[in-house]
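Worksheet for the structure shown next.
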Amino acid sequence: GVPVGGDVLDQRLVMGRMLPHFGAGATLGPRRLAFPAHVLDHLGEWQTITDLTQPRYLQIIDEAIQIGNMPRELKALRSLVRRNYGLPMYEEVERAKVRLSNQPETTIGMHFEDIDFDELVPRWDFERLIAPDVRKVEGALDEALQAAGMRPEQLSVVLRTGGSSRIPRFVKMLTDKFGADKLQEMDVFTGVVSGLAVAASEYIT
């Protein structure tokens, strides 16, 4: 399998579209040194944003606000870290991801203290950001078919389970490979429980 779930796709949106609002591209001082990229790397998961509350990171951010060319965005980063807005940011990104399954574009907005922006995200750019993940999933499908000694046209049903399987780019990939008439959607809870039941029966026998 491939560990590509909704949280991974949320990360793609955060790292691909949100970072400029939090200081990505900022330069510091008369020598125009780049703002340390490793600081913004912590935004890749909402759980790791809290790492930036360590004094050494807060000092970097505070100094960057004083000597950087993007004080507004760097203040937004400080607010994100100090006020623990990482989870609300990821929740807003997740909602935007869901909307993009039904709309050609959507807006990711955050308006908390020093954080104040609306980022317009077209579906085509979201699909660009997740393209490597789509290819990984398709590659895993090809490997599974090869291991089973089957061709796509030999399958009678392809079950889609979970929110990520509703994303148009994944649906298109499955449609191109197996045909739209074979795709069926299964409730995620039913799918997980059924899988556990099969695994349990195999373990017992």
statement: Residue pairs qualifying under the 6 Å Cβ cut-off, at least six apart or on distinct chains, with the first in the stretch 64-78 being farther than 18 Å from PHE117 by Cα and modelled with pLDDT of 95 or more and the second being crowded, with 20+ Cβ neighbours inside 10 Å and among the aromatic types (Phe, Trp, Tyr), are ALA64/PHE35
field: Set SER101, SER79: member being among the hydroxyl-bearing types (Ser, Thr, Tyr), at negative phi and touching a strand residue (DSSP E or B) at 6+ places or on another chain (Cβ under 6 Å)
entry: SER79
- prompt: With respect to THR161, is the statement that it is free of Cβ contacts under 8 Å to residues at least 24 places away in the same chain, in contact with a helix residue (DSSP H, G or I) (Cβ under 6 Å, 6 or more places away or on another chain), under 27 Å from TRP46 (Cβ atoms) and not aliphatic (A, V, I, L, M) true?
  reply: no
- request: Being buried (at least 20 other Cβ atoms within 10 Å of the Cβ) and without any contact (Cβ under 8 Å) to a residue 40 or more places away in the chain is the filter here, so list the residues in the stretch 24-38 that pass it.
  value: PHE35
message: Against the definition (assigned by TED's automatic domain parsing to the domain that holds LEU58, surrounded by 13 or more Cβ atoms within 10 Å (Cβ to Cβ) and of a type in the set (D, E, K, R)), how does GLU138 come out, yes or no?
response: no
VAL171 closer than 30 Å to PRO104 by Cβ and either out of contact with any Ser or Thr (no Cβ under 9 Å at 6 or more places or on another chain) or at pLDDT 90 or above (or both): yes
query: Within the group ASP10, ASP51, which residue is of a type in the set (D, E, K, R), touching a residue at least 24 places away in the same chain (Cβ under 8 Å) and over 18 Å from ARG72 (Cβ atoms)?
result: ASP10
query: Is there a residue in the stretch 61-71 that is touching a Lys or Arg at 6+ places or on another chain (Cβ under 7 Å), of a type in the set (A, V, I, L, M) and in the same structural domain as LEU19 (by TED's automatic domain parsing)?
result: yes
- prompt: How about the stretch 76-96: which of its residues are in contact with a helix residue (DSSP H, G or I) (Cβ under 6 Å, 6 or more places away or on another chain) and either surrounded by 14 or more Cβ atoms within 10 Å (Cβ to Cβ) or among the polar types (S, T, N, Q) (or both)?
  reply: ALA76, LEU77, ARG78, VAL81, GLY86, TYR90, VAL93, GLU94
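The values are calculated or read from the model by the stated rules, or taken from the named source; none is laboratory data. Remember, it's a predicted structure, so these values are computed and weren't measured experimentally. Glycine also receives a Cβ, built like all others from the backbone with ideal geometry; neighbour counts cover every protein chain displayed.
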